[in-house]
Every structure is written in structure tokens, then in C-alpha cells.
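These notes are about the structure you will find just below.
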Amino acid sequence: MAEQKVSGIVWNAETKKLESSNQFNQVWQINKINETFQETHSVEGQSLIMLYKLSLIMQNICLVLRGAGLSAIQIGIPLKFFVALKPGSSSEFISFADSFYTTEDEETYTSTEGCLSIVNDNKLVFFDVPRYKNIEVVGKSLCLDQGIQLSPESLKAEGFFASVLQHEIDHQKMIDISKIGTL
């Protein structure tokens, strides 16, 4: 794949905010979670326009790399923010912030998962990961109803979609599948 560059957003470590930039970010070469960061931060206080731009960049990365989801930490932005493909869609995403998941039952299964952060020779490495079959995600959804807004939302999910959501929320907690799964 030819190198592609995306301009517009950088993380300011001093202010802990997203900022516009005239420099290009090389966010396409995702090798692993940026180990510089020890934690992720709430989106509280972030510009909604910048979050929307970040969401579009992340969605584009998912489409190009054929990913089902992407967390901001994977591209070096330590925010509790992720995008995920909607069930049954090949191009429509949800964008969630400051979220967590719960389960009504303890029923689990083994999900075989790859991660855009874990590649070997430009190929995904797959892990068997224990996941809950049914979850509820609670957080803030980035919406475009009447302008850009973060709206409280809860979302029930099952099966593959539930695994994707758990995977992305785990990234927000600095947990990747290599820590909780087996090759």
C-alpha cells in the first residue's frame, strides 16, 4: 500500500486536547498501541468539531484497512473514543466516547480476533479471546442530529458486534488482545 497521509489533527500533550495542524499525521501505519501513554482520557472538554474530524479519519482508516473498529489510542491519541462498523453495514459507523460495557449474564464464548495494532509481516495476528455473548454499552454517542453533539446512549449488542465493542473498549483501558487472548 502506498503511504497515505492525513492532515488536520494532532494531540497536544500539554493541554491534553486535540488541535488542528497544518502538518501531516502518519496515522496509517498502525503497528501497535502507543506505549508512550499510560492511560486514556475522557473526551470531556474536547472540541466537538475535532472529535467529528477524528471520527472521520478513524472511519476512513477502518475502511481502507478493512477493520471492524478502531480506538483513538491505536493512532496515538489517548482519548476514550472509538468507532465501530454498524452490524450489517460495510461503511456506516458508530462513534462512542467515555464508554464501558456490562453484561446481564456471564455467558462467554471464544472470539477469534485480529487487531490493526498487532501485525507481523504486514499481516494481522489472530488471538482467541474470551468474550461475553451479550453486552450493553453505556457511554456517549457522537451524533449529527442538530449539529455535532455527544449524547448519552446505551446500546445492546450480541455476537460479533459485541466482540468488536468489547475489543475497542478494552483498548480504552489499555488492554489489547495479546494480553487477554491466546495465539
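What the phi angles of the stretch 111-123 give under the Karplus curve with 6.51, -1.76 and 1.60, with θ = phi - 60°, is a coupling list of 9, 8, 10, x, 9, 4, 8, 10, 10, 9, 6, 6, 10 Hz, glycine and proline written as x.
Can you check what the net charge comes to around Glu158, using other residues whose Cβ is under 12 Å from the Cβ of Glu158 (Lys, Arg +1; Asp, Glu -1)?
With Lys, Arg at +1 and Asp, Glu at -1, the net is -1.
Of all lysines in the structure, those lying under 20 Å Cα to Cα from Lys80, and not within fewer than 8 positions of it along the same chain, are Lys16, Lys17, Lys32, Lys53, Lys140, Lys156, Lys173, Lys179. The residues of the chain expose, per residue, 54 Å² of accessible area to a 1.4 Å probe. Were the residues from Ser154 through Glu92 laid out at 0.36 nm apart, the gain over their Cα-Cα distance would be 20.5 nm. Under the convention that each Lys and Arg Cβ holds +1 and each Asp and Glu Cβ holds -1, the size of the dipole of the chain around its Cα centre is about 500 debye. Here the stretch 117-151 is scanned for amide nitrogen atoms under 12 Å from the site 7 Å beyond the Cα of Glu107 along Cα-to-Cβ, giving 132-135.
Using a probe of 1.4 Å, the accessible surface attributed to Thr15 totals some 70 Å² when neighbouring protein chains are kept in position. Over the chain, DSSP H runs of length four or greater, each weighted -39,500 (n - 2.57), average out per residue to a 222 nm ellipticity of -6000 deg cm²/dmol. For the chain, the relative contact order works out to 19 percent when only alpha carbon pairs closer than 8 Å and six or more residues apart are counted.
In order along the stretch 173-182, phi translates into HN-Hα couplings of 9, 6, 10, 10, 5, 5, 8, 10, x, 10 Hz, rounded to whole numbers, per the Karplus curve 6.51 cos²θ - 1.76 cosθ + 1.60 with θ = phi - 60° and x for Gly and Pro.
The values are calculated or read from the model by the stated rules, or taken from the named source; none is laboratory data. Note that the structure is predicted; figures quoted are calculated from it, not measured. Cβ coordinates were reconstructed from backbone atoms using ideal geometry, including for glycine residues, and neighbour counts include every protein chain displayed. Just the protein is used for accessible areas: all its heavy atoms, side chains included, with ligands, DNA and RNA removed. Shrake-Rupley method; radii C 1.70, N 1.55, O 1.52, S 1.80 Å.
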